[in-house]
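Please treat every number below as a calculation from the coordinates, not as lab data. In this text, all values refer to a predicted model and were calculated from it rather than measured experimentally. Neighbour counts run over all protein chains shown; Cβ positions are idealised from the backbone, glycine included.
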């Protein structure tokens with residue numbers, strides 16, 4: 001198994017929304033075929049030609065390195081404990097768990113900017129609310145929101161290609177699952193260690209539909225293939241894409257959520273994952289696929305960690321709350337009680 005590199009320029013250049021979602025151009029259909037093959041066989045692929053200015057992501061990487069270099073007391077001004085139900089802000093080294101084990105990283109959680117007067121915020125919907133942005137470095141908040149907007153648009157185009165590959169049509173996902181997608185972005189810094197043993201992030205899969213990852217030059221991302229681990233080497237100007245639990249569940253295992261991990265680095269590493277997930281109230285049900293669509297047998301949903309994705313039900317929001325509460329146990333209480341995310345906490349918003 002290898003992680004293919006796919007040129008998706010036909011998607012980024014196509015009119016949007018697609019003028020003929022049931023009859024894509026030959027170039028779009030070819031990209032959809034390549035993505036479909038990668039989703040079935042690997043669960044990971046690297047994309048180039050995605051249309052996003054690489055300078056945006058490298059600029060965010062540089063600004064966040066400057067933020068992580070600040071004194072801890074200053075970073076704590078946007079601590080996640082101040083984000084309440086919105087689930088935004090900074091966490092310190094070893095402050096996040098994967099499979100119950102602390103990750104060797106610190107990071108910041110961002111998401112779509114949702115104001116305090118939004119009905120979802122007023123209703124107390126978890127993971128909806130305003131971001132927490134630091135005063136330094138200047139311009140970080142505006143850059144974050146610009147990148148979230150760009151990656152959200154790319155996410156819509158990629159799931160359109162998946163809809164084509166699955167035989168559902170280019171507009172299926174946006175009509176039924178991602179009309180109002182849950183979008184989250186995180187920036188992680190993995191500090192260098194003298195004796196690199198253990199994992200920056202232990203073996204895991206992601207929660208939702210699709211992850212888009214910018215990784216710096218250091219590498220360290222590995223994908224499991226049977227009993228072996230494959231390095232996902234950085235490709236300049238590219239984004240790494242991988243599938244989450246929901247897509248594996250909803251395709252009956254035809255598409256793979258592949259386990260992956262991050263090695264601890266020998267020099268400071270920064271990565272920026274963006275999560276393009278189902279709408280909050282989307283029902284966790286299998287997609288209307290033909291058995292053995294495109295000649296591929298349906299997959300086995302008994303997974304690497306012993307769980308069976310066939311047991312998942314309810315809404316994506318229900319599932320997401322259950323997962324993130326395990327990642328930050330001390331903050332999990334904010335998903336049922338806690339500060340209103342629209343309250344004024346003296347932190348900076350974009351343009352304020």
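Some values worked out for this structure:
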{"quantity": "Spin-label pair residue 9/residue 26, simplified geometry with 7 Å Cα→Cβ offset, distance in nm", "calculated": "1.7"}
{"quantity": "Inter-site label distance for residue 175 and residue 76 at 7 Å from Cα along Cβ, in nm", "calculated": "5.3"}
{"quantity": "Gain in span if fully extended, residue 281 to residue 149, counting 0.36 nm per residue against the direct Cα distance", "calculated": "45.4 nm"}
{"quantity": "Spatial extent of the stretch 20-158: Rg and Dmax, with the Cα atoms as the point set, Å", "calculated": "18.5, 56"}
{"quantity": "Modelled FRET efficiency - R0 22 Å, residue 16 with residue 142, Cβ distances, 0.05 increments", "calculated": "0.40"}
{"quantity": "Fewest-first ranking of 280, 16, 87, using other Cβ atoms within 10 Å as the exposure measure", "calculated": "16, 280, 87"}
{"quantity": "Of all DSSP beta bridges in the stretch 5-335, antiparallel share, percent nearest 5", "calculated": "90"}
{"quantity": "Equivalent ellipsoid dimensions for the stretch 5-335 as semi-axes, Å, which come from the Cα gyration tensor, largest first", "calculated": "30, 22, 21"}
{"quantity": "Net lengthening on full extension, residue 33/residue 58 (0.36 nm per residue, minus Cα-Cα)", "calculated": "6.0 nm"}
{"quantity": "Which of 67, 91 has the fewest Cβ neighbours within 10 Å, and the rest in rising order", "calculated": "67, 91"}
{"quantity": "All-pairs Cα distance distribution in the stretch 142-266, expressed in whole percent, bin size 5 Å", "calculated": "2, 9, 17, 21, 19, 15, 10, 4, 2, 1, 0"}
{"quantity": "Packing-based order for 263-271, 52-60, using average beta carbon neighbours within 10 Å, highest first", "calculated": "263-271, 52-60"}
{"quantity": "Relative packing of 22-31, 69-78, 41-50, which averages over residues the other C-beta atoms within 10 Å, highest first", "calculated": "41-50, 22-31, 69-78"}
{"quantity": "The stretch 1-71: Rg to Rh, with Rh as the Kirkwood radius over Cα pairs", "calculated": "1.15"}
